[in-house]
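Where a number appears in this text, it was derived from the coordinates with a stated rule and is not lab data. Note that this is a predicted model, so its numbers are computed, not measured. We place every Cβ from the backbone using ideal geometry, glycine too, and count neighbours over all the protein chains shown.
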Amino acid sequence: MRRVVVIAVAGASLAGCSSFSMDAFKSTPPTVQVQLDSVPPGANAVTSVGPSCKTPCSVAVQAPDSGFAVTYTLNSFQPMTIPVQVIRVPGDMTTPASTTFDPNPVVAELQPAGPPPKAARKKVLKPRKPKGTAAAPAPGASPFPDPAQGSAPPSSR
């Protein structure tokens with residue numbers, strides 16, 4: 001009898017040392033359908049929580065505690081990421097708890113990708129030749145006096 005008591009006490013003390021978590025009583029997050037669409041259709045939509053599809057489509061997502069994101073990709077278009085918020089409404093005695101997403105449907109309007117930028121080319125400037133080659137007039141050919149000689153202005157008498 002003494003052995004049974006010792007084993008029971010030892011078992012109870014070891015059970016107290018084990019980790020006990022309230023997580024065992026939590027239910028798994030609810031799975032909610034989210035509609036994914038894009039303009040133009042046919043884009044690859046990948047959620048940050050796992051599921052993916054080709055638009056237009058619908059995927060089942062286990063609602064995380066926080067939001068998630070959906071990234072859309074399509075050839076010749078710029079990729080786009082749209083954040084999605086998880087909205088949880090707690091239930092009461094008359095209504096069950098509900099989980100929704102905002103936005104739902106998640107729609108991305110993809111923008112066309114522009115052409116790749118061209119490499120800048122340096123222009124080499126060549127000196128231009130004058131069209132007409134006029135010779136400079138001879139020094140004595142001008143009807144005006146040479147300013148270097150310092151001619152005196154005419155005096156009036």
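Points to keep in mind about this one:
- Once both labels are positioned 7 Å from their Cα atoms along Cα-to-Cβ, the gap between Ser98 and Gln35 label points is 1.6 nm.
- Length-normalised contact order for segment 28-109 - Cα pairs under 8 Å, 6+ apart - percent: 32 percent
- Converting phi to 3J(HN,Hα) with the Karplus coefficients 6.51, -1.76 and 1.60 and the offset θ = phi - 60°, segment 78-86 yields 6, x, 9, 10, 10, x, 10, 9, 9 Hz in sequence order, with x at every glycine or proline.
- Sequentially through segment 68-73, phi angles give Karplus couplings (6.51, -1.76, 1.60; θ = phi - 60°) of 9, 10, 10, 10, 9, 9 Hz, Gly and Pro residues having no value and appearing as x.
- In Hz, Karplus ³J(HN,Hα) per residue of segment 47-56 (6.51, -1.76, 1.60; θ = phi - 60°; x = Gly, Pro): 8, 6, 9, x, x, 8, 6, 9, 6, x
- Under-5 Å amide H pairs with Ala108, H placed in peptide plane, nonlocal only: Asp37, Ser38, Val39
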